[in-house]
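The values are calculated or read from the model by the stated rules, or taken from the named source; none is laboratory data. For clarity, every value in this text was computed on a predicted model and none was experimentally measured. Here the Cβ positions follow ideal geometry from the backbone for every residue, glycine too, while neighbour counts run over all protein chains shown.
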Amino acid sequence: MIEARGLTKRFGDKLAVDQLSFTIEPGRITGFLGPNGAGKTTTMRLILGLDHPTGGSVSVNGREFSRSASPMREVGALLDAKAMHGGRSAYNHLLCLAQTNGLPRRRVGDVLDLVGLTEVAGKRSKGFSLGMGQRLGIAAALLGDPAILMFDEPVNGLDPEGILWIRSLMKQLAGEGRTVFVSSHLMSEMENTADHLIVIGRGRLIADCSVAEFIERNSVQTVRVRTPQLDPLVAAVRRVGGRVVATAGDAIMIHGLAADKVGDLAYENGVRLHELAVAQASLEEAYMEQTAASVEFRAGGGPAAEEPAEAGDRVSTGGVA
Amino acid sequence: MTVTAQAAGSQRAAVLPARATRAGFGGALRSEFTKIRSVRSTYWTLFAMIVITIGISALLSWGRIQDYASQPAVVQAHEALRIRSRATEFSMFGLILGQLVIAVLGALTITSEYSTGMIRTSLTVMPRRGTVYAAKAVVFTLVALVAGLVTSFGSYFIGQAIFATHHLNSSIGQPGVLRAVVGGGLFLAVCGLLSYGIGALLRSTAGAITASVALLFVLFVLSGFLPSSWAVHVDKWIPFNAGGAIWENLSGVNMFSPWVGFGVFCAYAAVAVVAGGILFRTRDA
């Protein structure tokens with residue numbers, strides 16, 4: 001279990017992590033979601049004690065991680081696939097890590113086997129591909145048979161085969177009852193793997209809920225209607241508080257009204273419908289909408305917050321506003 | 001070199017016994033020893049140190065002998081006394097370059113953790129930083145001491161063999177000779193340790209090596225340009241002169257005695273190591 005309370009980290013005049021409080025419960029995959037630069041990596045570094053917080057605190061199993069008597073048994077982390085000496089062989093890299101915690105030497109062979117690197121155990125890791133480096137990093141994280149695993153953007157730069165491997169590994173690890181805390185800037189990645197979500201933007205908490213809840217809370221239901229009598233229907237929709245968000249030829253998109261309500265409205269107003277359909281916004285869209293205001297830099301623009309909110313209601317739904 | 005994708009669900013490593021293993025100083029020492037023995041740069045730098053020190057020492061000894069041999073007999077009689085009294089330090093003078101090579105290894109021991117990113121992994125598996133830092137320093141010092149003693153004894157015996165061709169050699173049993181030869185090894189180890197501390201302060205290989213070379217070598221060279229009224233007060237505090245007192249038969253009343261000079265040199269190294277350790281513990285990794 002990882003608990004952050006008011007966790008804050010300032011680099012110069014930039015707040016990387018801002019008053020973050022959350023709890024990562026054991027035995028499930030918690031997705032840590034946010035745009036690039038939102039403070040995910042910094043948060044993970046704070047959990048591990050690599051960075052010292054400016055304010056607040058974070059504990060692992062009830063105490064600061066640096067006080068752990070047996071750190072590798074508690075947490076295995078992969079923050080960066082290249083956080084190793086390239087001149088050292090895969091075997092020796094793992095051996096020197098295992099020795100710090102007094103883990104048995106055979107454990108090195110076991111995890112090399114598990115990630116499929118046994119053949120190249122004697123090779124220096126500087127010759128490894130990104131995928132192999134990632135596997136070696138995961139082997140290191142698994143060395144201590146830890147109850148908590150942390151992965152920072154583990155699928156970044158991997159080929160589809162590697163992505164699939166990591167996904168199934170995470171599910172397996174969670175299935176074994178471990179806590180898995182995995183970050184990503186892609187909602188689609190989390191949609192497939194995570195049980196619970198912690199969403200941050202600009203260092204602040206945007207959402208802390210289950211994936212299902214996040215979808216339910218954030219997907220806007222859109223009703224799509226085609227009719228030869230647009231005007232009376234639009235007027236009727238607006239009268240009962242619905243919003244017409246797009247018009248294309250004889251089709252309109254309606255927010256804020258359920259499909260049966262739109263059908264009833266059409267009937268009551270004598271409007272003929274050629275089509276009535278429900279379109280669910282994807283989770284990716286919901287996530288984009290949630291974090292839109294918190295994206296630090298946009299193409300061709302300065303910091304997002306300084307831009308006028310010309311995107312209107314889309315931006316105003318952002319949780320940090 | 002392809003890696004076959006395995007279905008992750010098909011296997012898992014054996015569960016470790018519940019009895020908790022403990023991360024302590026012993027494990028940190030074993031780990032640091034594995035680290036230092038498992039990269040090629042260790043072997044290359046130690047090999048370079050031994051070859052350069054012994055090579056320069058032997059060359060210098062040979063040069064002295066050639067000079068001596070070309071003198072007329074009258075001069076030789078006078079020269080013999082001088083050479084015989086300084087044969088030990090002549091045979092070890094390669095240490096002036098050897099100290100720079102061990103400084104490279106000392107710096108690398110800690111800066112390579114930063115340049116490769118390994119430090120993040122090292123401090124994740126062992127977040128008690130003081131333990132990591134101390135274990136690294138102990139292991140490096142032991143390795144440097146062993147290599148340093150091989151270097152100084154090698155230098156001494158090869159140099160003496162050269163001096164022996166004209167019966168100008170010292171012997172290990174003479175007063176102060178064993179101290180000087182063992183002191184050569186100690187000197188190298190402390191040079192490396194000084195550089196280790198600087199490496200922890202600067203976290204950059206190039207920066208740490210530059211700073212160490214400046215302290216150990218450039219200061220010594222510059223001190224030669226001081227007016228003698230200053231030199232009297234400053235010379236003995238120059239790191240190379242202070243540390244060198246243990247293996248050089250330094251003439252002049254203005255130098256420290258062997259162990260005092262070496263103590264001063266150790267104090268310099270201690271300042272660097274302690275300052276580096278404080279930053280190592282408190283800075284973001």
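Miscellaneous remarks
- Residue check, B:ALA58 in contact (Cβ under 8 Å) with a residue 24 or more places away in the chain, small (Gly, Ala, Ser) and surrounded by fewer than 16 Cβ atoms within 10 Å (Cβ to Cβ): no
- Among the criteria (1) under 30 Å from B:ALA77 (Cα atoms); (2) under 15 Å from the mean Cα position of the chain (by Cα), the one B:VAL177 does not fulfil is (2).
- Any chance B:SER228 is at pLDDT below 95 and surrounded by fewer than 18 Cβ atoms within 10 Å (Cβ to Cβ): yes
- If you go through the stretch B:227-242 and keep only what is assigned to a helix (DSSP H, G or I) and either closer than 17 Å to B:CYS191 by Cβ or not charged (D, E, K, R) (or both), you end up with B:SER228, B:SER229, B:TRP230, B:ALA231, B:VAL232, B:HIS233, B:VAL234, B:TRP237, B:PRO239, B:PHE240, B:ASN241, B:ALA242.
- Any chance A:ALA81 is away from chain B (no Cβ under 14 Å), of a type in the set (A, V, I, L, M) and either more than 25 Å from B:SER122 (Cβ to Cβ) or buried (at least 22 other Cβ atoms within 10 Å of the Cβ) (or both): no
- Restricting B:THR88, B:THR121, B:THR165, B:THR109 to those that are over 30 Å from B:ARG283 (Cα atoms), out of contact with any strand residue (DSSP E or B) (no Cβ under 7 Å at 6 or more places or on another chain) and surrounded by 22 or more Cβ atoms within 10 Å (Cβ to Cβ) reduces the list to B:THR88.
- A single member of B:LEU46, B:LEU123, B:LEU145, B:LEU105 is over 28 Å from A:ALA69 (Cα atoms) and either within 14 Å of another protein chain (Cβ to nearest Cβ) or more than 13 Å from the chain's Cα centre (by Cα) (or both), and it is B:LEU105.
- Of all the listed residues (B:LEU219, B:LEU215, B:LEU202), the sole one being among the hydrophobic types (A, V, I, L, M, F, W, C) and touching a Gly at 6+ places or on another chain (Cβ under 9 Å) is B:LEU202.
- Qualifying residue in the stretch A:59-66 (condition: closer than 30 Å to A:MET288 by Cβ and under 24 Å from the mean Cα position of the chain (by Cα)): no
- Selection status of A:GLU176, among the acidic types (Asp, Glu), within 9 Å of chain B (Cβ to nearest Cβ) and closer than 14 Å to A:GLY116 by Cα: no
- Answer residue from the stretch B:20-40, given it is of a type in the set (A, V, I, L, M) and over 16 Å from A:ALA90 (Cβ atoms) and is nearest to the chain's Cα centre (by Cα) among those: B:ILE36
- Members of the stretch B:94-132 that are among the hydrophobic types (A, V, I, L, M, F, W, C) and free of Cβ contacts under 8 Å to residues at least 60 places away in the same chain: B:LEU97, B:VAL101, B:MET118
- Test for B:ARG64: is it assigned to a helix (DSSP H, G or I) and at pLDDT below 95: yes
- Residue that is surrounded by the most Cβ atoms within 10 Å (Cβ to Cβ) [pool: residues in the stretch B:124-162 that are among the charged types (D, E, K, R) and in a helix (DSSP H, G or I)]: B:LYS136
- Entry remark, the stretch B:194-250: residues being within 20 Å of B:SER112 (Cβ to Cβ) and either without any contact (Cβ under 8 Å) to a residue 24 or more places away in the chain or not aliphatic (A, V, I, L, M) (or both) number 12 in total.
- On inspection, A:ALA69 fails the criterion of being of a type in the set (Gly, Ala, Ser), assigned to a loop (DSSP other than H, G, I, E, B), more than 24 Å from A:GLY175 (Cβ to Cβ) and in contact with a strand residue (DSSP E or B) (Cβ under 8 Å, 6 or more places away or on another chain).
- Members of the stretch A:24-66 that are closer than 27 Å to A:TYR287 by Cβ, at the interface with chain B (Cβ under 7 Å from one of its Cβ atoms) and assigned to a helix (DSSP H, G or I): A:LEU48
- Residues considered: B:GLY192, B:GLY184, B:GLY197. Of these, the only one that is more than 25 Å from B:GLY277 (Cβ to Cβ), crowded, with 21+ Cβ neighbours inside 10 Å and modelled with pLDDT of 95 or more is B:GLY184.
- The single residue among A:SER68, A:SER59 that is surrounded by fewer than 24 Cβ atoms within 10 Å (Cβ to Cβ), in contact (Cβ under 8 Å) with a residue 40 or more places away in the chain and polar (S, T, N, Q) turns out to be A:SER59.
- In the set A:LEU169, A:LEU143, A:LEU149, A:LEU136, only one residue is under 23 Å from A:GLY37 (Cα atoms) and in contact (Cβ under 8 Å) with a residue 24 or more places away in the chain; that residue is A:LEU149.
Here is a yes/no grid of residues against (1) at pLDDT 95 or above; (2) within 21 Å of B:VAL39 (Cβ to Cβ); (3) crowded, with 23+ Cβ neighbours inside 10 Å:
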site	(1), (2), (3)
A:PRO104	no, no, no
A:LEU112	yes, yes, no
A:ALA121	yes, yes, no
A:LYS126	no, yes, no
A:GLN134	no, no, yes
A:ALA141	yes, no, yes
A:ALA147	no, no, no
A:MET150	yes, no, yes
A:GLU153	no, no, no
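- Any hit, the stretch A:20-29, residues being within 14 Å of the chain's Cα centre (by Cα), of a type outside the set (Asp, Glu), modelled with pLDDT under 95 and surrounded by fewer than 15 Cβ atoms within 10 Å (Cβ to Cβ): no
- Filtered residues of the stretch B:61-81 (kept if free of Cβ contacts under 8 Å to residues at least 60 places away in the same chain and either touching a strand residue (DSSP E or B) at 6+ places or on another chain (Cβ under 6 Å) or closer than 26 Å to B:ILE102 by Cα (or both)): B:GLY63
- Flag for B:VAL75 being within 26 Å of B:VAL273 (Cα to Cα), part of a helix (DSSP H, G or I) and of a type in the set (A, V, I, L, M, F, W, C): no
- Note on the stretch A:84-129: residues that are assigned to a helix (DSSP H, G or I), facing chain B (nearest Cβ under 7 Å), among the hydrophobic types (A, V, I, L, M, F, W, C) and in contact (Cβ under 8 Å) with a residue 12 or more places away in the chain amount to 5.
- Failed criterion for A:GLY6 (all others in (1) touching a residue at least 40 places away in the same chain (Cβ under 8 Å); (2) in a loop (DSSP other than H, G, I, E, B); (3) surrounded by fewer than 18 Cβ atoms within 10 Å (Cβ to Cβ); (4) among the small types (Gly, Ala, Ser) hold): (2)
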